[in-house]
Amino acid sequence: MPQPPDDLNAVAVRTWCSLALEALGRERAEIDAINVYPIADGDTGTNLYLTVESAHAAVEAVFAAHETGATAPATADAVRAMAHGALIGARGNSGTILAQLLRGMAGVLADGGDAAHLRLALTRAADAARRAVAHPVEGTVLTVAAAAAEAAAGGESAMGAAAEGEERDLRTVVRAAYDGARAALARTPEQLAVLGRAGVVDAGGRGLVAVLGALVETVTGQAPARGPRTGPGRTPVPVDGGSVVGLPVGGTPVEGGAPSGEGPLDCPEDGGAGPAFEVIYLLEARDERVARLRTRLDALGDSLVVVGGDGLWHVHVHVDDAGAAVEAGVEAGRPYRIRITHFATESGHDLRVQAEPTQRAVVVVVPGDGLAGLCTEAGATTVIARPGEPPASGELVDAIRRAHAREVVLLPNDATLRHTAAAAAEQARTEGVRVALVPTRAAVQGIAALAVHEPDRGFDEDVVAMTAAAGATRYAELAVAERQSWTMAGICQAGDVLGLIDGDVAVIGADVPATARTVLDRMLAAGGELVTLVLGEDVPDSLAEALEEHVRDGYLAVDTVVYRGGHQRAPLLIGVE
């Protein structure tokens, strides 16, 4: 890991987002399992993961757009991107609140990332999140956020690390915030009766602790120790000197009887007979109209959270009349990315889908419009991964819903989408869809898997056949080096053509045709029966003709197929089966 930073600069913000995403990826299932408030729908961990995933993607986009290479982007650009990404990608109640926490922090960290700015940032974040919730409840993520801010702002005596008046450094402040959040999380079952009866801590608060733990690792270089793991079928276990984390249903209650200190509740305490629908949308509206929108939505339902500002808002509410909630948004401004989920069914299916589902479908990520058309013709539902814009889990979940099938095979076609695809599959399973994730690492592997797909055979048999076809396909791509760098094949210069085989640079060449021929020769030296070529938008047909001739002349038993990939990152993709 790089040297821990002295302040939260752009690189540190990038690292924080990455580590937070990894932490929530590890703990997503556990957080889902203890989700009993405000709705026991088992998706808080997934929603937090999707929210941070969007924030992480926005920060990565800032770095990708920064062209100098020698220096990092401005800190203000990174923290604002983080906040904006979280806002537009926020999912669920806890994800929406986390987006507001990050927005509140960004407003301060844009001006500086030292210890003093971080203390103020945490305080502003906790205050902003509490104001965003129509009826704040103690024992939730709001309580954990407030405790983190309070500990960061003044906990010298508790830390025993600084004399009176002595300025604490960034590491001390971050550690204090994390420890304060953990202590507050341990107390949540005493503050909210539904948590105490289930024997769990607040799921949203636990997610925030994971995010703050990633911040500790960012500034100290060392990850904090994790508490005991819990999950379905396990009884609650004490952590942090007596706090309890365990099952959402059927676990052992917290010792000591019913909890006390319960705050005003924003929805039914047992997560039971509440509103029928969750309504979420982004809203473009003048700030002065949002106050009236809050009032109207508050009258319609509960769990109301409205976050954002400067003309862009994220609205979350639980209601019985979903149409009225959307109409309120129309009156306030322009709602879009509208998502309505029905709580009345166990699966929580999106209401936009009403027809009887088919038995099986394939959802495939493709790098360009050309392959999207090819896969659509083969009956698959496609998600396009445009250059520099990898799809988020939410997009994959939406594609699974569009496929509208009881069984779905998901082909991510990119090794970097492994966690993203896993999160999407997990979310779809909570909605009653049987999802199998085939770990394809390249588009040509996805094409091979799709070619052997047979919806009429058994699901497991079909998945095994598709997985075997993908695994038997070696993949390569050509790319143009942007700068001088070290590679597995030696030092490349800006403008060199790189031939990557199975993800590693194997060939450095001067032009596309010669490099492609060398790559083909190396791949076919190990054998093969079929070569697949996928040409980028600007690649002439003459290249495909020349490569077909090269294969035909040198490898008599090998066939070649050519596809047009459209606008894709690589000028040429190669597969050998």
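Please treat every number below as a calculation from the coordinates, not as lab data. Because the structure is a prediction, the values reported are computed rather than measured. Note that we place each Cβ from the backbone using ideal geometry, even for glycine, and neighbour counts take in every protein chain shown.
Counting beta carbons within 10 Å around each of 49, 336 and listing the fewest first gives the order 336, 49. With R₀ set to 56 Å, the beta-carbon distance separating residue 26 from residue 553 gives a calculated FRET efficiency near 0.65. With neighbours defined as other Cβ atoms within 10 Å of a residue's Cβ, the residues 466, 523 order from fewest to most as 523, 466.
Packing around the peptides 455-462, 496-503, taken as the average count of other Cβ atoms within 10 Å per residue, puts them in this order, highest first: 496-503, 455-462. Paramagnetic label reach from residue 338 (point 7 Å along Cα→Cβ; backbone nitrogen cut-off under 11 Å): within the range 293-324, residues 322-324.
Work out how much length residue 537 to residue 327 would gain on full extension: take 0.36 nm times their residue separation and subtract the Cα-Cα distance, in nm to one decimal.
Values: separation 210, 0.36 × 210 = 75.60 nm, distance 4.25 nm.
In short, 71.3 nm is gained.
If you add up the charges near residue 528, with Lys and Arg at +1 and Asp and Glu at -1, over every other residue whose beta carbon is less than 13 angstrom from its beta carbon, what do you get? Please list the in-between numbers first.
Numbers: positive: 474, 522; negative: 521, 529, 559, 577.
Net of charged neighbours comes to -2.
Between residue 223 and residue 486, the contour length at 0.36 nm per residue exceeds the Cα-Cα span by 91.7 nm.
As a proxy for reagent exposure, ranking 295, 51, 172 by other Cβ atoms within 10 Å from fewest up yields 295, 172, 51.
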